Amino acid sequence: MFRIGTDIGGTFTDFVVVDDRTRELRLEKTLTTPHDPSEGIFDGLELLARNDGTLLTDAAKLVHGTTLV
């Protein structure tokens, strides 16, 4: 199982994935989309799935934060 954390910032939306089995960390980054910040989240989740097979359906937890105001 994975845990996914994401933070929407002014320029980038950052992602960290923790693999609870191997204790590995993976990092990704997408551009923030100020007109609809959810687009940056969805883009990042697609990037995670494409790059290393991390699927949202395999996540035990998704945590979201933001510094976007």
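The values are calculated or read from the model by the stated rules, or taken from the named source; none is laboratory data. Fair warning: this is a prediction, and the values are worked out from it, not measured in the lab. Please note: Cβ atoms are built from the backbone with ideal geometry, for glycine as well, and neighbour counts cover all protein chains shown. Areas reflect the complete protein model, heavy atoms only, side chains present, ligands, DNA and RNA absent. Shrake-Rupley method; radii C 1.70, N 1.55, O 1.52, S 1.80 Å.
Extension gain residue 33-residue 57, at 0.36 nm per residue separation less the Cα-Cα distance, in nm?
6.3 nm
Quick one: net charge of residue 11's neighbours, Cβ under 15 Å, K/R +1, D/E -1?
-4
What ³J(HN,Hα) values, in whole Hz, does the Karplus curve 6.51 cos²θ - 1.76 cosθ + 1.60 give for region 15-21 when θ = phi - 60°, with x put for Gly and Pro?
10, 10, 10, 10, 8, 5, 7
How much of the accessible area of the chain, in percent, comes from carbon and sulfur atoms when a 1.4 Å probe is used?
Roughly 58 percent of what the probe reaches on the chain is carbon or sulfur.
Of (i) 4, 18, 29, 21, 14, 9, 5, 1, 0; (ii) 4, 14, 19, 21, 20, 12, 7, 2, 0; (iii) 4, 19, 32, 24, 14, 7, 2, 0, which one was derived for P(r) over Cα pairs in 5 Å bins from 0, in percent from the structure shown?
The value matching this structure is (iii).
What residue among 12, 37, 62 has its Cα farthest toward the positive end of the dipole of the chain, where the charges are +1 on Lys, Arg and -1 on Asp, Glu, each on the Cβ?
Highest projection toward the positive end goes to 62.
Mean residue ellipticity at 222 nm from the helices of the chain, using -39,500 (n - 2.57) per DSSP H segment of n ≥ 4 over the full residue count, to the nearest 500 deg cm²/dmol?
Calculated at 222 nm, the ellipticity per residue is -7500 deg cm²/dmol.
Express the accessible area of the chain per residue in Å², computed with a 1.4 Å probe while the remaining protein chains stay in the model.
That works out to 65 Å² per residue.
Which cross-chain or sequence-distant (5 or more) residues have an amide H under 5 Å from the amide H of residue 33, H modelled 1.01 Å from N in plane?
Amide H neighbours of residue 33, under 5 Å, 5+ apart: 40.
Report the label-to-label distance for residue 23 and residue 11 in nanometres (one decimal), using points 7 Å from each Cα along the Cα→Cβ vector.
Modelled inter-label distance: 3.4 nm.
Let me check I've understood the local charge: for residue 49, count other residues with C-beta under 13 angstrom from its C-beta, Lys and Arg +1, Asp and Glu -1. What total comes out?
Counting the neighbours of residue 49, the net charge comes to -3.
Based on the mean of other Cβ atoms within 10 Å per residue, sort peptides 48-61, 5-18 so the most packed one is first.
The peptides rank, most packed first, as 5-18, 48-61.
Tell me the angle of helix 37-52 to the major Cα principal axis of the chain, expressed in degrees between 0 and 90 and rounded to the nearest ten.
Tilt relative to the chain: about 30 degrees.
Assigning unit charges at the beta carbon (Lys, Arg +1; Asp, Glu -1) and nothing else, what dipole magnitude in debye, to the nearest 20, does the chain show about its Cα centre?
Dipole magnitude for the chain comes out near 220 debye.
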